[in-house]
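Q: Got a structure here, written out as structure tokens. Questions coming.
Throughout, read-outs are computed from the coordinates displayed, never taken from laboratory work. Note that this is a predicted model, so its numbers are computed, not measured. In this analysis, Cβ positions are derived from the backbone assuming ideal geometry, glycine residues included, and neighbour counts consider all displayed protein chains.
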Amino acid sequence: MANKLKALYINCSIKKDGTKSHTQLLMNRSAQILEKEGVLVKSIHALDYKIGFGMEKDLNPEQEDQWPEIQAMIDEADILVIGSPIWLGVKASVATLVIERMYAYSGDYNDKGQYLYYGKVGGVVITGNEDGAKAVAMDVLYALSHMGYTIPPQVDCAWLGEAGPGPSYGDTEFKGEPVDRNGYDNNFTNRNATIMSWNLMHHAKMLQKNNGIDSEGNNASKWRNFTNAEDQDPQKLPKGWK
């Protein structure tokens with residue numbers, strides 16, 4: 001019997017108090033879908049931890065660094081979802097820091113000789129009051145893919161409020177005036193959050209059932225054993241379909 005899937009949500013809000021994060025509210029929608037389907041879900045706020053700056057696995061003792069604790073959770077999870085607000089059209093600085101620290105481990109290998117993050121799936125959740133949702137999604141999903149994560153179809157969801165200052169996702173008041181729970185009834189956001197969650201789960205199940213991705217052709221330490229690149233003529237066109 002297959003083990004239960006595990007999903008980790010990392011909220012990269014720049015708010016020190018994660019309970020006041022609008023991004024967390026949208027992440028909760030996705031997390032609750034997975035949890036209802038039997039996935040073991042853990043959600044953390046990155047700024048609840050001391051995370052050092054640097055492309056290193058462990059920055060202790062030069063500076064207080066709790067990143068190894070977060071990395072252990074990432075290693076254990078089958079599904080990773082990074083949540084970020086939009087600032088100046090791009091992802092939050094905390095999201096950049098998280099990805100940089102993950103990248104320091106990307107040259108390690110799993111038990112099949114592949115890079116560490118092979119066999120895992122990734123997605124992204126975005127909130128904001130300005131342009132940039134697709135730019136942040138492209139940025140984060142490319143980074144995860146480059147490190148080895150499998151990116152299923154349509155695994156980003158976002159909510160964008162009215163451009164400029166105004167209530168954020170889930171707000172019940174703005175400048176002392178009551179507002180509806182902003183964005184909660186946005187059909188486009190709710191649809192994409194739902195599709196994202198199911199696609200992450202479907203692909204994580206497929207990878208688990210098939211023991212990840214076949215290691216033939218992608219084991220970096222053995223690449224000369226499965227290629228004849230030295231014998232190939234780059235000027236020769238392939239024969240094409242018959």
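Q: Going toward the positive end of the dipole of the chain, with +1 on Lys and Arg Cβ and -1 on Asp and Glu Cβ, which of 192, 23, 88 do you reach last?
A: Positive-most Cα among the choices belongs to 192.
Q: Among 58-70, 79-91, how do they line up from the highest to the lowest mean number of other beta-carbon atoms within 10 Å?
A: Values: 58-70: 14.8, 79-91: 22.7.
Averaged packing, sorted descending, gives the order 79-91, 58-70.
Q: State the dimensionless ratio Rg/Rh of the range 6-231 (Rg: radius of gyration of Cα atoms; Rh: Kirkwood radius). Spell out each step's value before the answer.
A: Details: Rg = 18.5 Å, Rh = 18.4 Å.
For the range 6-231, the value is 1.01.
Q: Using mean Cβ contacts within 10 Å as the protection proxy, how do 112-124, 4-16 order, highest first?
A: 112-124, 4-16
Q: Now a separate question. Residue-wise, which Karplus ³J(HN,Hα) couplings in Hz belong to the range 79-86, taking 6.51 cos²θ - 1.76 cosθ + 1.60, θ = phi - 60°, and x for glycine or proline?
A: Each residue of the range 79-86 in turn: 10, 10, 10, 9, x, 8, x, 9 Hz.
Q: Also, quick follow-up: Please list the non-local residues whose amide H lies under 5 Å from the amide H of residue 5, H modeled 1.01 Å from N, same-chain partners needing a gap of 5 or more.
A: 40
Q: Near the amide H of residue 150, under 5 Å away, which other amide H atoms are found, from residues 5 or more places off or on another chain, if H is placed in the peptide plane?
A: Here the answer is 119, 120, 121, 122, since their amide H atoms fall under 5 Å of that of residue 150.
Q: Using the structure shown, list the pairs from 4/36; 42/222; 42/209 with a Cα-Cα distance above 24 Å, or answer none.
A: Values: 4/36 13 Å; 42/222 35 Å; 42/209 22 Å.
Long pairs (Cα-Cα over 24 Å): 42/222.
Q: Residue by residue through the range 134-151, what is 3J(HN,Hα) from phi via Karplus (6.51 cos²θ - 1.76 cosθ + 1.60, θ = phi - 60°)? Round to whole Hz and write x for glycine and proline.
A: Coupling constants for the range 134-151: 5, 5, 5, 4, 4, 4, 5, 5, 5, 4, 5, 4, 4, 7, x, 5, 7, 10 Hz.
Q: Give me the distance in nm between label points sitting 7 Å out from Cα along the Cα-to-Cβ direction at residue 194 and residue 14, one decimal.
A: Here the modelled spin labels are 3.4 nm apart.
Q: How big is the charge dipole of the chain about its Cα centre, in debye rounded to the nearest 20, if each Lys and Arg gets +1 on its Cβ and each Asp and Glu gets -1 on its Cβ? Please report the intermediate quantities before stating the final value.
A: Values: 25 positive and 31 negative charges, 161 e Å.
It comes to approximately 780 debye.
Q: When DSSP assigns beta bridges and you keep just the ones with both residues in the range 6-231, what percent turn out antiparallel, to the nearest 5?
A: Working: 5 of 29 bridges.
Counting DSSP beta bridges with both partners in the range 6-231, the antiparallel share is about 15 percent.
Q: Once every DSSP H run of n ≥ 4 in the chain is given -39500 (n - 2.57) and the sum is divided by its residues, what mean residue ellipticity at 222 nm do you get, rounded to the nearest 500 deg cm²/dmol? Write down the numbers at each step before the final one.
A: Numbers: 5 runs with 74 residues, N = 242.
It lands at -10000 deg cm²/dmol.
Q: Going by amide H atoms built from the backbone, whose H comes under 5 Å of the H on residue 43, apart from near neighbours?
A: 9
Q: To continue, here is another question. At a 10 angstrom cut-off on C-beta neighbours, averaged per residue, how do the peptides 150-162, 31-43 rank from highest to lowest? Before the final figure, lay out the partial values.
A: Numbers: 150-162: 19.9, 31-43: 16.2.
Answer by packing, highest mean first, reads 150-162, 31-43.
Q: Calculate one ³J(HN,Hα) per residue across the range 210-223 by plugging θ = phi - 60° into the Karplus curve 6.51 cos²θ - 1.76 cosθ + 1.60, and present them in order as whole Hz with x for glycine and proline.
A: Each residue of the range 210-223 in turn: 9, 6, x, 9, 3, 7, 5, x, 10, 8, 4, 6, 10, 4 Hz.
Q: Moving on to the next point. Of all DSSP beta bridges in the range 1-100, what percent run antiparallel (nearest 5)?
A: Taking every DSSP beta bridge with both residues in the range 1-100, the antiparallel ones total about 15 percent.
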